Amino acid sequence: MEYDKKSLKIAAKITAATLSESGELDLENAKKTVCFLKTVYKEAASIREDENCEKAVLKAAGKITAAACEEMEDPEGETAAKFLRIVYDGIYPLVADEDFDEDVFKCAAKITAAACEEMEDPTEEKAAEAAEFLKAVYSGILEEEKPVCNGKYAVKETESGWSFRLLAGNNQVIGASEVYSGKAAMEKGIESVRKNAPIANLEDLTADPVVSAVNPKFEIYTDKAGEFRFRLKARNGEIILASEGYKTKASCENGIESVRKNAPAEIAE
């Protein structure tokens with residue numbers, strides 16, 4: 001197995017936690033420590049070798065495992081390795097959600113780690129409980145963080161096709177689509193705004209220097225009249241929503257936040 005520095009760091013943190021109360025720095029203890037470290041390292045490296053490995057999840061699992069393994073009697077490291085794997089597998093599904101928030105996830109991991117401190121006898125059952133605890137904390141925080149959405153999508157059919165506008169709670173237009181050839185294509189456009197707006201990056205083309213961002217993204221730019229506008233691009237680079245002109249950049253940025261907030265809106269009857 002090829003040496004992996006990041007996996008070693010996680011394994012070392014877990015190993016260090018198990019030695020916090022040993023107080024014995026002798027040759028025999030060193031040999032046990034090496035054995036423990038190798039076992040945990042192999043499991044961490046195995047997780048990282050998976051092409052679908054999520055770094056944030058592995059770090060969180062490592063933090064929780066380290067906290068749970070303080071003062072643990074496990075000279076071979078097998079229990080710690082199993083604990084790490086079970087926690088990782090348990091919390092991995094969170095990142096599959098399109099609304100995954102890494103900052104909230106990190107906060108939930110820190111709380112879970114604190115709750116697991118001084119767990120003297122980590123077991124597979126407790127690892128599963130730790131994963132469920134983190135998911136519950138994450139979901140609870142995320143629910144609190146979700147902005148209230150009072151907006152709506154207003155759709156319109158003309159001779160040339162279908163289009164939609166995203167309206168804020170006060171019925172102010174905050175973005176409009178292109179004209180689609182059919183209703184089904186227009187509805188896919190709305191779904192694309194719902195999916196991409198909350199997670200879109202921000203690229204300010206009026207800044208100096210311009211810092212590039214990957215799609216999906218909001219782009220801020222100025223029009224011929226010198227007003228600030230934004231456009232929302234999907235992952236494939238297609239523009240799925242565009243704004244009207246704003247006198248100031250601050251107002252344009254507020255418009256972007258309004259799109260993020262109101263993107264989950266329903267289509268008006």
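Observations on the structure shown:
- Subset of the stretch 3-46 [surrounded by fewer than 19 Cβ atoms within 10 Å (Cβ to Cβ), of a type outside the set (Gly, Ala, Ser), in contact with a helix residue (DSSP H, G or I) (Cβ under 8 Å, 6 or more places away or on another chain) and modelled with pLDDT under 85]: ASP4, LEU19
- Scan the stretch 170-199 for residues that are under 21 Å from GLY245 (Cα atoms) and part of a helix (DSSP H, G or I) and the total you get is 2.
- Filter pass, ALA68 being under 19 Å from ALA130 (Cα atoms) and at pLDDT 90 or above: no
- Flag if GLU117 is more than 19 Å from VAL137 (Cα to Cα), part of a loop (DSSP other than H, G, I, E, B), of a type outside the set (A, V, I, L, M) and in the same structural domain as THR18 (by TED's automatic domain parsing): no
- Residues (acidic (Asp, Glu) and more than 21 Å from the chain's Cα centre (by Cα)) located in the stretch 36-51: GLU43
- Pairing each residue of the stretch 202-219 that is in contact (Cβ under 8 Å) with a residue 24 or more places away in the chain and surrounded by 18 or more Cβ atoms within 10 Å (Cβ to Cβ) with any residue that is hydroxyl-bearing (Ser, Thr, Tyr) and assigned to a strand (DSSP E or B), provided the two are 6+ apart or on different chains, yields no C-beta distance under 8 Å.
- On inspection, ILE199 qualifies as outside the structural domain of LYS55 (by TED's automatic domain parsing) and within 15 Å of the chain's Cα centre (by Cα).
- Meets criteria (assigned by TED's automatic domain parsing to the domain that holds VAL34, of a type in the set (A, V, I, L, M, F, W, C), assigned to a helix (DSSP H, G or I) and surrounded by fewer than 19 Cβ atoms within 10 Å (Cβ to Cβ)) for CYS107: yes
- Residue list for the stretch 132-169, filter: in contact with a strand residue (DSSP E or B) (Cβ under 8 Å, 6 or more places away or on another chain) and assigned to a strand (DSSP E or B): LYS152, TYR153, ALA154, VAL155, LYS156, GLY161, TRP162, SER163, PHE164, ARG165, LEU166, LEU167
- Tally, over the stretch 80-99, of residues that are closer than 15 Å to LEU37 by Cα and crowded, with 23+ Cβ neighbours inside 10 Å: 4
The values are calculated or read from the model by the stated rules, or taken from the named source; none is laboratory data. What you are looking at is a predicted structure, and each value in this text was computed from that prediction instead of being measured. Cβ coordinates were reconstructed from backbone atoms using ideal geometry, including for glycine residues, and neighbour counts include every protein chain displayed.
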